[in-house]
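Working notes, beginning with the structure itself.
The values are calculated or read from the model by the stated rules, or taken from the named source; none is laboratory data. Remember, it's a predicted structure, so these values are computed and weren't measured experimentally. Don't worry about glycine lacking a Cβ; one is built from the backbone with ideal geometry, like all the others, and counts go over all protein chains shown. When the accessible area is computed, the model is the full protein with side chains, heavy atoms only, and any ligands, DNA or RNA have been set aside. Shrake-Rupley method; radii C 1.70, N 1.55, O 1.52, S 1.80 Å.
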Amino acid sequence: HYTTLLAKIKMEQNDFLKSSRFAPQFSARFKVFAQVDIDYWSAYLRLNYPWEFGFSNNLGGVKKMPKSYYSFLQALPVSIEGALPNSNYVYFLDQFFDYQAGQIENKELSSNQLIEKYLTGEPAAYFKAKNLSIACHRGKAKKEGENIKAFIENNSYEIYNDVLRLVYNEAKGLEVGMKAPNFTLLDIEGKEVVLSELKGKVIYLDFWATWCLPCLMQMKNSKSWKAKFKNKDIVFLY
């Protein structure tokens, strides 16, 4: 039986974790991460089984399971601080939200409302940022602009704010009058350039390629401009 096999493997993994000779050296955060790896790998496989069974047996959809099949979710905490960036935990939550979205009591809830219902702290921030990022990639960056702004203003996990800013700016594109997004890149001489360190200067930023003939032709103009503005507060970046 599939669930019996998963339970057996989960028990063996737990025994291995607890009996490891390195166990006394494990930090509290590592213990959380390792336990999440075990628990949510098993839970993900259980949630994914109806999909895999339906696909493997050409059912044309998900295999319908009895309500009792999902009873394991009742004893499983969903929102866990320190679980990220464990991929098994993320895979589980993806499947978990698919399952919950199909439940009668959740039919009228948006994806954000589902997140707020089941998650708090970093897991909630991660999945909200993920949903907004997906929307940007699907061409809805401008439509989600205010939601993204509100998320960044109220979210204390800067890593997700930074990623969301990058995704949003890439998806929306730059417009005249916008504040240039910061970047760190290497110039043509291999020196590191951080845009924010050049604040207050006029920046001439040239994206070019060796195979681009118009780019190489433009270099001639750029060379003359650089000479003309030699003593001005202008930075030329290539």
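Some notes on this structure:
- Over the residues of the chain, the helix contribution to mean residue ellipticity at 222 nm works out to -17500 deg cm²/dmol, using -39500 (n - 2.57) for each DSSP H run of at least 4.
- Under 20 Å from residue 130, Cα to Cα: aspartates and glutamates that are on another chain or at least 8 residues apart: 81, 94, 98, 116, 122, 144, 146, 153, 158, 162, 170
- For residue 236, the residues 5 or more places off, or on other chains, whose built amide H falls under 5 Å of its own are 204.
- Counting only protein heavy atoms and using a 1.4 Å probe, the accessible area of residue 163 comes to about 80 Å².
- When you count the other C-beta atoms within 10 angstrom of each residue and take the mean per peptide, 134-142, 121-129, 225-233 line up highest first as 121-129, 134-142, 225-233.
- Annotation for segment 35-54 versus segment 79-137: alpha-carbon center distance of 16 Å.
- Restricting the GluC sites (Glu not before Pro) of segment 1-104 to loop positions (DSSP other than H, G, I, E, B) with no more than 15 neighbouring Cβ atoms within 10 Å leaves 81.
- Segment 114-238 - percent relative contact order, Cα under 8 Å, separation 6 or more: 18 percent
- Whichever lysines have a C-alpha closer than 26 Å to that of residue 201, once near sequence neighbours (fewer than 8 apart) are set aside: 172, 179, 191, 220, 223, 226, 228, 230, 232
- Loop-located GluC sites (Glu not before Pro) across segment 120-178 with a Cβ neighbour count of 12 or fewer within 10 Å are 175, with loop assigned by DSSP.
- Farthest positive-ward along the chain dipole, Cα basis, beta-carbon charges - from 141, 44, 32: 141
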